[in-house]
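Take a look at the structure set out below.
The values are calculated or read from the model by the stated rules, or taken from the named source; none is laboratory data. It should be emphasised that the depicted structure is a prediction, and the values quoted were computed from it without experimental measurement. In this analysis, Cβ positions are derived from the backbone assuming ideal geometry, glycine residues included, and neighbour counts consider all displayed protein chains. The protein model used for the area step is the full one, side chains on, heavy atoms only, and it has no ligands, DNA or RNA in it. Shrake-Rupley method; radii C 1.70, N 1.55, O 1.52, S 1.80 Å.
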Amino acid sequence: MTARQATAVLNEYFAGNPETSKVLTGMNNIGTQPISDHWDTPDGRYQKAMEAAGLVTITPPKGKIYNPANHNQWMYALDVKLTERGKRMVRGKPQIIPAPSKNTWDTVYENAVFCTKLVLKIASISTTGDIARADYRYEYGSFTPFYDAFHLADPKDTNTCSTQPQDATASFERRNGVWAISIQ
C-alpha cells in the first residue's frame, strides 16, 4: 500500500462517514422554568442559533402540560422541528423516545452532520500481504451550519470538530486487489 492509496481510501471513507452529533427535535421538555430563562441556557442558546441558521423551527409552549396521573406535576415543552435545510444535513436513523403521555409528543434525536475529516499526511505505512496499517494526521473541515450554531452557543468547546490537527492509525485490507478500510 502506498501513501497515495491510503490517503485516497481514508478520504473516501471520511466523505461517506461524516462526524455527527445528536440534535434534539420533537418535544423538548424545558421543565417549569419560564421560556425566557430557557434561552439563557446552553441548550436554549444552541436552539436559537440553529433557528437563526434556518435549521430548525421552534414552537414555544402553549401553556402547562400536566401529568395526567398527578395534576400537581407539570412542565413546559417546546416543539422543535427540522427545516428542509436541516433535514439535508442529518444521517442515519433518528433515536425516537415515545411520548410519555397522551398530551405530549415524541422526543427525537437526529444525527446532524457537524464536519468531515481530511487526511493531511501519511506518517508511516506497514504492509504485510493483504493487510496494511497507516499512521496519519488529519484535520476537520467542511463545517456545517449545525457545527457553526453549536460553536456560537458554546465557543469554549474545543473537542467537537477540533480546529487542531489530530493523529490517528487506520487498518486496511486488500480484497480482490482493492484496498479498503478494515473496520473492527
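Points worth noting:
- Looking only at the range 1-24, and only at residues there that are closer than 11 Å to Ala180 by Cα and without any contact (Cβ under 8 Å) to a residue 60 or more places away in the chain, the one that is nearest to the chain's Cα centre (by Cα): Glu12
- For the range 155-170, the tally of residues that are within 17 Å of Val113 (Cα to Cα), open to solvent by 50 Å² or more (accessible area, probe 1.4 Å) and either in contact (Cβ under 8 Å) with a residue 12 or more places away in the chain or in contact with a Phe, Trp or Tyr (Cβ under 9 Å, 6 or more places away or on another chain) (or both) stands at 1.
- Unique match (being part of a strand (DSSP E or B) and over 30 Å from Ala53 (Cβ atoms)) among Tyr140, Tyr136, Tyr109, Tyr76: Tyr136
- Test: residue in the range 105-114 that is touching a Cys at 6+ places or on another chain (Cβ under 6 Å) and either surrounded by 13 or more Cβ atoms within 10 Å (Cβ to Cβ) or not polar (S, T, N, Q) (or both): yes
- Taken over the range 120-143, the criterion of being of a type in the set (Ser, Thr, Tyr) and touching a residue at least 60 places away in the same chain (Cβ under 8 Å) is satisfied by Thr127, Tyr136, Tyr138, Tyr140, Ser142.
Quick grid of which residues meet (1) over 30 Å from Gly129 (Cβ atoms); (2) open to solvent by 80 Å² or more (accessible area, probe 1.4 Å); (3) among the hydrophobic types (A, V, I, L, M, F, W, C):
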residue: Asn29; (1), (2), (3): yes, yes, no
residue: His38; (1), (2), (3): yes, no, no
residue: Gln73; (1), (2), (3): yes, yes, no
residue: Leu82; (1), (2), (3): yes, no, yes
